[in-house]
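What follows is one structure encoded as structure tokens, with my remarks underneath.
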Amino acid sequence: MGPTFDERRGVEYRQLRAASLVNRLNARPMPFGWTVNPYRGCEMSCKYCFARYTHEFLGENDPAAFERRIYVKLTDPGSLVAELKRARRSGLLVALGTATDPYQPAESRFEVTRRVLEAASKVVGVRLSITTKSVLVRRDLTLLREIAARSEVSVNFSIPTLDQALARRLEPRAPRPDLRFEAMTALAAGGIPTRLFIMPVLPRLTDGEANLRALLVRAREAGAEIAESNVLFLRRGTRETFFEFLRAEFPELVPEYERLYADSAYARRDYVAGIEALVRRLSAEVGFGARRRADRPADSPTPSQLSLVW
Ligand code: SF4
């Protein structure tokens, strides 16, 4: 198949032949051992998306290409089942959507994620987690329940703010936050374990106590079992796009971000420690167990935002 153009959305889709869709993760202290990313690029266009650099591997150096030229991985159902059986034998978690969103708009057309889940439904005992900002995951509720009956599956909803206007500026083509919570409610009611990922926490934009508390309260109401957070990580590729966004939309915040991210892709440690303490306290207050995924040693080069969703 040659490139497919969606004129209305202004997006081009290309097929990508990948050696395998289920990839072993090596040498990282992660809570999962395998990753699956059905798409390269993501139309949802979040200004802070850390996966932007991955388009460079395809020779795509224009930042806009990440949002407008989406690569769709080819699948073979037989290979998928074999790959998932290999993952099952390892006993390690298979994380779906660690780089790009598996339920981005392309999924409604190409259904690669659905084919992964169909294969997973044939592998009893496989352990899956899915991370998304999309409400399209509701489409697969029946299939997820089939998997949950014989294996392990959970869905993480990434929701950094309840402020719809701010969300529209930060995540131009992602579903509204309230719709994401509705999807969380539907899945939890259907027996699928769900989690809130407050990721990323954006300094001076989404890090206020009122916002964080409101997200946690809403997640409890929606039936989430766990809430986790992580502060913005600005790796090369993302840093340029995010600062360009800040200069256009929130120029008054540029000096503060330059201070917080002066030396590293990570925010200053004192800031991160403050956010972690705040989320821990608020989580306990609203009834979540205090938990933050301790999967990154203090001196690890592994990006913190990436460490939770890669
Ligand atoms: S939904 Fe996820 S993968 Fe897509 S642009 Fe936003 S952060 Fe990136």
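Quick notes
- Scanning the range 224-248 for residues that are within 12 Å of residue 48 (Cβ to Cβ) and either assigned to a loop (DSSP other than H, G, I, E, B) or over 23 Å from the mean Cα position of the chain (by Cα) (or both) turns up 232, 233, 234, 235, 237.
- Against the test of being buried (at least 23 other Cβ atoms within 10 Å of the Cβ) and among the hydrophobic types (A, V, I, L, M, F, W, C), the options 183, 148 yield a single qualifying residue, 183.
- Looking only at the range 98-128, and only at residues there that are more than 21 Å from residue 175 (Cα to Cα) and in a helix (DSSP H, G or I), the one that is nearest to the ligand (Cβ to nearest atom): 116
- In the range 64-94, the residue that is modelled with the highest pLDDT out of those that are of a type in the set (Asp, Glu) and over 22 Å from residue 50 (Cα atoms) is 83.
- Only one of the numbered conditions (1) within 16 Å of the ligand (Cβ to nearest atom); (2) in contact with a strand residue (DSSP E or B) (Cβ under 8 Å, 6 or more places away or on another chain); (3) among the aliphatic types (A, V, I, L, M) is violated by residue 44, and that is (2).
- Unique match (being of a type outside the set (Gly, Ala, Ser) and within 24 Å of residue 129 (Cβ to Cβ)) among 11, 72: 72
- Selected residue (criterion: nearest to residue 100 (Cα to Cα)) from residues of the range 285-310 that are assigned to a helix (DSSP H, G or I) and either at pLDDT below 50 or open to solvent by 60 Å² or more (accessible area, probe 1.4 Å) (or both): 309
- Where strands (runs of 3 or more DSSP E) fall wholly inside the range 16-97, the ranges with 2 or more residues that are charged (D, E, K, R) and open to solvent by 10 Å² or more (accessible area, probe 1.4 Å) are 69-73.
- Looking at 276, 249, 256, just one residue is at pLDDT 95 or above, surrounded by 12 or more Cβ atoms within 10 Å (Cβ to Cβ) and within 16 Å of residue 199 (Cα to Cα), and that residue is 276.
- Test result for residue 168, modelled with pLDDT under 95, closer than 26 Å to residue 256 by Cα and open to solvent by 10 Å² or more (accessible area, probe 1.4 Å): no
Rundown of residues vs (1) among the small types (Gly, Ala, Ser); (2) farther than 28 Å from residue 5 by Cα; (3) assigned to a strand (DSSP E or B); (4) within 16 Å of the ligand (Cβ to nearest atom), yes/no style:
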| site | (1), (2), (3), (4) |
| --- | --- |
| 130 | no, no, yes, yes |
| 134 | yes, no, no, yes |
| 139 | no, no, no, no |
| 142 | no, yes, no, no |
| 157 | no, yes, yes, yes |
| 165 | yes, yes, no, no |
| 185 | no, yes, no, no |
| 197 | no, yes, yes, yes |
| 200 | no, yes, yes, yes |
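The values are calculated or read from the model by the stated rules, or taken from the named source; none is laboratory data. None of the values given here were measured: they were computed from a predicted structure. As a convention, Cβ positions derive from the backbone with ideal geometry for all residues, glycine included, and neighbour counts pool all protein chains shown. SASA here: full protein model, heavy atoms, side chains in, ligands and nucleic acids out. Shrake-Rupley method; radii C 1.70, N 1.55, O 1.52, S 1.80 Å.
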